[in-house]
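Student: Next up is a structure, given as structure tokens.
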Amino acid sequence: MRTQVVIIGAGPSGLLLGQLLTRAGIDNVILEQRSADYVLGRIRAGVLEQGMVDLLAEAGADARLRELGLVHEGFSIGFGERSFRIDLKGLTAGKTVTVYGQTEVTADLMSARHEAGSEVIYAAEDVSPMDFDGGHPIVSFRKDGKGYEIRCDFIAGCDGFHGVCRRSVPSKALSLFERIYPFGWLGVLVDQPPAAHELVYANSERGFALCSMRSPKRSRYYVQVSASERAEDWSDDRFFDELRRRVPKDVADSVRAGAAIEKSIAPLRSFVAEPMRFGRLFLAGDAAHIVPPTGAKGLNLAASDIRYLFDALREHYRDGSDAGLEAYSKRALARVWKAERFSWWMTGLLHRFPESSGFDQRMQLAEFEYLCASRAASMSVAENYVGLPY
């Protein structure tokens, strides 16, 4: 087989890149280790920056988003019974975010790729990117017991933190930066109206909590739990009792419990791999970086990687210039580290750490009070939350 770009990974970043390339007339094939149903079944983020919304429009995959996405002009942070709203729209000259689940984004991109007649090979086994340090990369894989090779110009590694692409890079060529947090988020998805019309983050004596949503009739809630906890040990009643204890009373009174559609624990990690380019192999999204979900940056960072990579590939094929490809890693990492900083800051502000002293907790409170009192501080949070410019 022969194509111009092989994309490894059919999550939202791989599908988005593939759709943009197809619309630009650049041949591409997507390989995915899992089945399409498995990919669609993953429950992930749901807050989209305007940059990602614009990219989905450019990819021709924004029709349902425009119809069903919830535009949010702000969010709230609670400390005990106190609550403070960050006015995103007012503090950023009109910028907002859109709540629209990653599962829906993936479904829309799958549909768009199907309509375009572009190829996704699901359940591809033993995927192996090779010879990407030279001029003629090859990706080998097995499907239904048969071996195949695809010759290509470039490989895009969009296969996540545990994927094969980063593992295929010689260790001496990588610098890894990581912080593992001593807790996770226990998340519950429930078919009940949200407790508030905007997201509510909360720091309480019992730990962090978040009231979010996927639609006007479907809510997504989280509570901080220790890294050793198991989701199956939490009944629905226990979860909602704990959630109500951690959020301000007016929010707690509006929480409507229900049977969990999905319940899982997500560990929290900060991770960056540098660089993000190795010859003709480019890493994007979770293959190169992970952020704690506190700042709603994971999916959005993947989108900015795809913005830079797509522009670079289009420039290569349309204009014969490799300037964008040469600059890809530096450009992407500059934005990655700023998002890492914001997510680290939000995580530190809102969570209770096992080693926290009374001094540490006073510092959290002082930070919250400064945020409430300073327009400049609120503006900084709003600017980062809606997404820094590409």
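The values are calculated or read from the model by the stated rules, or taken from the named source; none is laboratory data. Model, not experiment: these values are computed from the prediction. All Cβ positions, even for glycine, are placed from backbone atoms using ideal geometry, and neighbour counts span all protein chains on display.
Student: May I ask you to list the residues in the stretch 64-113 that are under 30 Å from residue 34 (Cβ atoms) and in contact with a His (Cβ under 9 Å, 6 or more places away or on another chain)? Talk me through it step by step, then tell me what you get.
Tutor: Step one: list which residues in the stretch 64-113 are under 30 Å from residue 34 (Cβ atoms), which gives 64-70, 97-113.
Correct list: 70, 97, 98, 99.
Student: Does residue 274 fit the bill of being assigned by TED's automatic domain parsing to the domain that holds residue 153, of a type in the set (Asp, Glu) and in contact with a Phe, Trp or Tyr (Cβ under 8 Å, 6 or more places away or on another chain)?
Tutor: Working: assigned by TED's automatic domain parsing to the domain that holds residue 153: yes; of a type in the set (Asp, Glu): yes; in contact with a Phe, Trp or Tyr (Cβ under 8 Å, 6 or more places away or on another chain): yes.
Against the criterion (assigned by TED's automatic domain parsing to the domain that holds residue 153, of a type in the set (Asp, Glu) and in contact with a Phe, Trp or Tyr (Cβ under 8 Å, 6 or more places away or on another chain)), residue 274 qualifies.
Student: Select from the stretch 125-159 the residues that are surrounded by fewer than 22 Cβ atoms within 10 Å (Cβ to Cβ) and under 30 Å from residue 62 (Cα atoms) and list them in ascending order.
Tutor: Result: 153, single match.
Student: Within the stretch 174-183, identify whether any single residue is surrounded by fewer than 23 Cβ atoms within 10 Å (Cβ to Cβ), under 18 Å from residue 81 (Cβ atoms) and not hydrophobic (A, V, I, L, M, F, W, C), and answer yes or no.
Tutor: no
Student: Scan the stretch 265-285 and tell me whether some residue there is outside any strand (DSSP E or B), among the hydrophobic types (A, V, I, L, M, F, W, C) and farther than 21 Å from residue 343 by Cα. Walk me through it before giving the result.
Tutor: First, the residues of the stretch 265-285 that are outside any strand (DSSP E or B): 275-276, 279-280, 284-285.
Subsequent filtering for residues that are among the hydrophobic types (A, V, I, L, M, F, W, C) retains 276, 284.
Then drop every residue that is not farther than 21 Å from residue 343 by Cα, which leaves none.
Checked the stretch 265-285: no residue is outside any strand (DSSP E or B), among the hydrophobic types (A, V, I, L, M, F, W, C) and farther than 21 Å from residue 343 by Cα.
Student: Could you check, for the stretch 71-92, whether at least one of its residues is modelled with pLDDT of 95 or more, of a type in the set (Gly, Ala, Ser) and surrounded by fewer than 18 Cβ atoms within 10 Å (Cβ to Cβ)?
Tutor: Checked the stretch 71-92: at least one residue is modelled with pLDDT of 95 or more, of a type in the set (Gly, Ala, Ser) and surrounded by fewer than 18 Cβ atoms within 10 Å (Cβ to Cβ).
Student: The conditions are (1) hydrophobic (A, V, I, L, M, F, W, C); (2) within 24 Å of the chain's Cα centre (by Cα); (3) in a helix (DSSP H, G or I), and residue 353 fails exactly one of them. Which is it?
Tutor: (3)
Student: Kindly check whether there is at least one residue in the stretch 80-87 that is over 30 Å from residue 209 (Cα atoms), touching a residue at least 40 places away in the same chain (Cβ under 8 Å) and out of contact with any strand residue (DSSP E or B) (no Cβ under 8 Å at 6 or more places or on another chain).
Tutor: Step one: list which residues in the stretch 80-87 are over 30 Å from residue 209 (Cα atoms), which gives none.
For the stretch 80-87, residues over 30 Å from residue 209 (Cα atoms), touching a residue at least 40 places away in the same chain (Cβ under 8 Å) and out of contact with any strand residue (DSSP E or B) (no Cβ under 8 Å at 6 or more places or on another chain): absent.
Student: From 75, 161, 154, 132, which residue is touching a Leu at 6+ places or on another chain (Cβ under 6 Å), under 19 Å from residue 287 (Cα atoms) and not small (Gly, Ala, Ser)?
Tutor: Values: 75 fails: under 19 Å from residue 287 (Cα atoms); 161 fails: touching a Leu at 6+ places or on another chain (Cβ under 6 Å); 154 fails: touching a Leu at 6+ places or on another chain (Cβ under 6 Å).
Only one candidate passes the filter, namely 132.
Student: While we're here: Residue 98 - would you say it is touching a Leu at 6+ places or on another chain (Cβ under 6 Å), polar (S, T, N, Q), over 18 Å from residue 41 (Cβ atoms) and modelled with pLDDT of 95 or more? Can you show your working first?
Tutor: Values: touching a Leu at 6+ places or on another chain (Cβ under 6 Å): yes; polar (S, T, N, Q): yes; over 18 Å from residue 41 (Cβ atoms): yes; modelled with pLDDT of 95 or more: yes.
Yes, satisfied.
Student: Kindly evaluate residue 373 against the criterion of being out of contact with any Pro (no Cβ under 6 Å at 6 or more places or on another chain), within 25 Å of residue 84 (Cα to Cα) and aliphatic (A, V, I, L, M).
Tutor: Working: out of contact with any Pro (no Cβ under 6 Å at 6 or more places or on another chain): yes; within 25 Å of residue 84 (Cα to Cα): yes; aliphatic (A, V, I, L, M): yes.
Answer is yes for this residue.
Student: If I go through the stretch 321-339 residue by residue, how many of them are out of contact with any Phe, Trp or Tyr (no Cβ under 9 Å at 6 or more places or on another chain) and of a type in the set (Gly, Ala, Ser)?
Tutor: Final tally of qualifying residues: 4.
Student: If a residue must be assigned to a loop (DSSP other than H, G, I, E, B), in contact with a Ser or Thr (Cβ under 7 Å, 6 or more places away or on another chain), farther than 22 Å from residue 272 by Cα and not aliphatic (A, V, I, L, M), how many such residues does the stretch 119-171 contain?
Tutor: Summing the residues that are assigned to a loop (DSSP other than H, G, I, E, B), in contact with a Ser or Thr (Cβ under 7 Å, 6 or more places away or on another chain), farther than 22 Å from residue 272 by Cα and not aliphatic (A, V, I, L, M) in the stretch 119-171 gives 2.
Student: May I pose another question? Residue under question is residue 298, and the condition is that it be on the phi > 0 side of the Ramachandran plot and in contact with an Asp or Glu (Cβ under 9 Å, 6 or more places away or on another chain); does it hold? It would help to see each step written out before you state the result.
Tutor: Values: on the phi > 0 side of the Ramachandran plot: no; in contact with an Asp or Glu (Cβ under 9 Å, 6 or more places away or on another chain): yes.
For residue 298, the condition - on the phi > 0 side of the Ramachandran plot and in contact with an Asp or Glu (Cβ under 9 Å, 6 or more places away or on another chain) - is not met.
Student: Take residues that are over 22 Å from residue 386 (Cβ atoms), within 18 Å of the chain's Cα centre (by Cα) and not assigned by TED's automatic domain parsing to the domain that holds residue 221 and tell me which of the helices (runs of 4 or more DSSP H) falling wholly in the stretch 1-99 contain 1 or more.
Tutor: Working: elements: 12-23, 36-41, 50-58, 63-68, 88-91.
Once the helices (runs of 4 or more DSSP H) in the stretch 1-99 are filtered for at least 1 residues that are over 22 Å from residue 386 (Cβ atoms), within 18 Å of the chain's Cα centre (by Cα) and not assigned by TED's automatic domain parsing to the domain that holds residue 221, what remains is 12-23, 36-41.
Student: In the stretch 255-268, is there at least one residue being in contact with a Phe, Trp or Tyr (Cβ under 6 Å, 6 or more places away or on another chain), touching a residue at least 12 places away in the same chain (Cβ under 8 Å), under 20 Å from residue 183 (Cβ atoms) and surrounded by fewer than 19 Cβ atoms within 10 Å (Cβ to Cβ)? Show your work before the answer.
Tutor: At the first step, the residues of the stretch 255-268 found to be in contact with a Phe, Trp or Tyr (Cβ under 6 Å, 6 or more places away or on another chain) are 257, 266, 268.
Among the residues that remain, those that are also touching a residue at least 12 places away in the same chain (Cβ under 8 Å) are: 257, 266, 268.
Still in the list and also under 20 Å from residue 183 (Cβ atoms): 266, 268.
So of that shortlist, the ones also surrounded by fewer than 19 Cβ atoms within 10 Å (Cβ to Cβ) come out as 266.
There is at least one residue in the stretch 255-268 that is in contact with a Phe, Trp or Tyr (Cβ under 6 Å, 6 or more places away or on another chain), touching a residue at least 12 places away in the same chain (Cβ under 8 Å), under 20 Å from residue 183 (Cβ atoms) and surrounded by fewer than 19 Cβ atoms within 10 Å (Cβ to Cβ).
Student: Now for a separate question. Tell me yes or no: at least one residue of the stretch 172-192 is more than 22 Å from the chain's Cα centre (by Cα), farther than 30 Å from residue 251 by Cα and in a strand (DSSP E or B).
Tutor: No, that holds for no residue.
Student: Moving to a separate point now. Considering only the stretch 312-334, I want to know if a residue exists there that is over 18 Å from residue 275 (Cα atoms), outside any helix (DSSP H, G or I) and of a type in the set (Gly, Ala, Ser).
Tutor: Looking through the stretch 312-334, at least one residue is over 18 Å from residue 275 (Cα atoms), outside any helix (DSSP H, G or I) and of a type in the set (Gly, Ala, Ser).
Student: Can you tell me which residue among 175, 168, 128, 219 is polar (S, T, N, Q) and closer than 19 Å to residue 270 by Cα?
Tutor: Working: 168 fails: closer than 19 Å to residue 270 by Cα; 128 fails: closer than 19 Å to residue 270 by Cα; 219 fails: closer than 19 Å to residue 270 by Cα.
That would be 175, the only listed residue that is polar (S, T, N, Q) and closer than 19 Å to residue 270 by Cα.
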